[in-house]
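K.L.:
So that we are looking at the same thing, I have put the structure below in structure tokens.
The values are calculated or read from the model by the stated rules, or taken from the named source; none is laboratory data. None of these values were measured; they are calculated from a predicted model. Every residue, glycine as well, gets a Cβ built from its backbone with ideal geometry; the counts of neighbours run over all protein chains shown. Just so you know, the surface numbers come from the protein's heavy atoms only, side chains and all, with ligands and any DNA or RNA stripped out. Shrake-Rupley method; radii C 1.70, N 1.55, O 1.52, S 1.80 Å.
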Amino acid sequence: MVPLSYYLVLSAILFSLGVAGFIFKRNLVTLFMSVELMLNAVNLSFVALSYYFRQLDGQIFVFFVMVVAAAEAAVGLAIIISVFRNRQTLNVDEISLLKL
């Protein structure tokens, strides 16, 4: 059996990579994927803690996080496609202005 600390360390590493990608990358798709990585890192820690404490609360939270992530993916990808069609770029620095 793998100890709980391994899962939590892996979750922390994945979350840190997501934060680093969100801070240092300028591409809108990369930012989107970084948010998804952070959500999945939180899901991993929820499942690990739920299994460790033998309660279903963590798995229920994972279900809600997955629903939010799916909704975010649907809306976010539509926004990204719309931005790319209007601006011909996905660089955050170039699309930070509201005017065309």
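K.L.:
Run I80 past the list (1) closer than 25 Å to Y7 by Cβ; (2) touching a Leu at 6+ places or on another chain (Cβ under 6 Å); (3) of a type outside the set (D, E, K, R) and report the number of the one that doesn't hold.
P.N.:
(1)
K.L.:
Can you report the number of residues in region 18-34 which are surrounded by fewer than 17 Cβ atoms within 10 Å (Cβ to Cβ) and in contact (Cβ under 8 Å) with a residue 24 or more places away in the chain?
P.N.:
Residues flagged as surrounded by fewer than 17 Cβ atoms within 10 Å (Cβ to Cβ) and in contact (Cβ under 8 Å) with a residue 24 or more places away in the chain within region 18-34 amount to 3.
K.L.:
For the structure I just gave you, tell me whether A20 is in contact with an Asp or Glu (Cβ under 7 Å, 6 or more places away or on another chain), among the hydrophobic types (A, V, I, L, M, F, W, C) and assigned to a helix (DSSP H, G or I).
P.N.:
Answer is no for this residue.
K.L.:
Continuing with the same structure: In region 24-42, which residue that is assigned to a helix (DSSP H, G or I) and not aliphatic (A, V, I, L, M) is nearest to the chain's Cα centre (by Cα)?
P.N.:
The first filter runs over region 24-42 and keeps only residues assigned to a helix (DSSP H, G or I), leaving 24, 28-42.
Now drop any that are not not aliphatic (A, V, I, L, M), which leaves 24, 30, 32, 34, 36, 40.
On the way: F24: 15, T30: 10, F32: 7, S34: 5, E36: 2, N40: 6 Å.
Ranking the candidates gives E36 first.
K.L.:
Something else now. So in region 59-100, with the set limited to residues that are part of a loop (DSSP other than H, G, I, E, B) and among the polar types (S, T, N, Q), which one is modelled with the lowest pLDDT?
P.N.:
Filtering first and then ranking leaves S96.
K.L.:
For region 43-71, name all the residues that are open to solvent by less than 50 Å² (accessible area, probe 1.4 Å) and within 19 Å of the chain's Cα centre (by Cα).
P.N.:
N43, L44, S45, A48, G58, V62, V65, A69
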